[in-house]
Amino acid sequence: MKELVNSSCSESPSKKKKDVGKHRVSGFDPKWMETFQWLLRTSAGMVCTVCRKHLVGAARAHPFVNEPSINYRLDAVSRHEKSSSHISCIEKEQTLRTGKTLPKIVCERADIEHWALEGCFRLMYQMLRQEVPHHTNYKGFLELMEDCGCKYFEALRVDSNTNYCSHRIIDELLAIINDSVLQPLLIDLQKSRAWSILIDESTDISVTQELAICVMFLNQHSKVETTFLDMVPVTNGKGETVTDAILQLLQRHDLSMKNLRSIASDGA
Ligand SMILES: [Zn+2]
């Protein structure tokens, strides 16, 4: 899935180049994405999605965590996978994801065919991009694709109770896609020399009051980017409530206020 999102974001493939000195060739190899399920390639380098999720404080000051690694060598990636902190994070993730959940299936390469699983993510990703209601339409689209010849989706029907179409599985697909899309943005924000928060209140269909949070930031190419960051539920629109919500958001995404230049809201 990570490679799906990466390819969908049209990142250009890395060009291999001769390493200096030794008889080794460096350069990002897309096959690593299959071998190392935790690996995510961003414009700033390679990161470990699992360590980024579980490491806190000073422990994050390592390549593949706060600092994306640009050491595009198999031995560097393997070394991270064998590190004690990474192994510990993998164990935490597995503990967190007990039972027959989708992340566990991804991590452990369980008994579902790769193509079927990737197809699920491709379908869900396109539904999100086209703003198609996913809970109600996912199963129907999956059946349509199977009717159109994508026979590998048969692998999803493990038994009468397991068909990878439940709301729980759909929510897990969403969570994984969200993580994969969010991580590169968070890295960009952490590296940005100047960024701002743009907020506006809205109410969803269940009449829950929410704060839509977008960010405007200077990217590594000194270009200004504006993008959606998160939706945060709030109990009211008071200044104190909104401030608390923003502070919690910064904490949750491990974002520093160091280079935060402004906060703009429609009511300000
Ligand atoms: Zn790791």
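Here, each number is a calculation from the coordinates, and none is a lab measurement. Owing to the predicted nature of the structure, the values given are computational and were not obtained by experimental measurement. Neighbour counts run over all protein chains shown; Cβ positions are idealised from the backbone, glycine included.
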Contour minus Cα-Cα span, Lys151 to Glu67, at 0.36 nm per residue, comes to 26.1 nm
Here segment 218-235 yields Karplus 3J(HN,Hα) values (6.51, -1.76, 1.60; θ = phi - 60°; whole Hz; Gly and Pro given as x) of 8, 7, 5, 9, 6, 10, 7, 10, 10, 8, 6, 10, 6, 10, 10, x, 9, 7
So Leu182 and Val132, fully extended at 0.36 nm per residue minus their Cα-Cα distance, gain in nm 16.0 nm
Equivalent-ellipsoid semi-axes (√(5λ), Cα gyration tensor) for segment 167-268, whole Å, largest first?
-> 23, 20, 11
His114 paired with Gln220, simple spin-label distance in nm, labels 7 Å along Cα-to-beta-carbon = 2.7
What is segment 39-99's relative contact order, in percent, from Cα pairs under 8 angstrom and six or more apart in sequence?
-> 33
Net charge near Leu198, counting Lys/Arg +1 and Asp/Glu -1 over other residues with Cβ under 14 Å of its Cβ?
-> -4
Using the charge dipole of segment 187-229 (Lys, Arg: +1 at Cβ; Asp, Glu: -1 at Cβ; taken about the Cα centre), state which of Val215, Leu189, Ile199 has its Cα farthest towards the positive end.
-> Leu189
Shape parameters for segment 193-232, alpha-carbon atoms, Rg then Dmax in Å = 12.8, 41
Over segment 192-265, relative contact order from alpha-carbon pairs under 8 Å, at least 6 apart, % | 36
Long pairs among Lys53/Lys223; Lys191/Lys223; Lys31/Lys191; Lys53/Lys191, criterion Cα-Cα beyond 25 Å | Lys53/Lys223; Lys31/Lys191
Segment 121-155 scanned against label point 7 Å out from Leu174 along Cα→C-beta; backbone N under 18 Å for 121-142
Spin-label pair Leu74/Ile87, simplified geometry with 7 Å Cα→Cβ offset, distance in nm | 2.2
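What is the gain in length, in nm to one decimal, between Ser256 and Thr203 on full extension, counting 0.36 nm per residue of separation less the C-alpha to C-alpha distance? Can you show the working numbers first?
Details: separation 53, 0.36 × 53 = 19.08 nm, distance 2.82 nm.
Length gained, Ser256 through Thr203: 16.3 nm.
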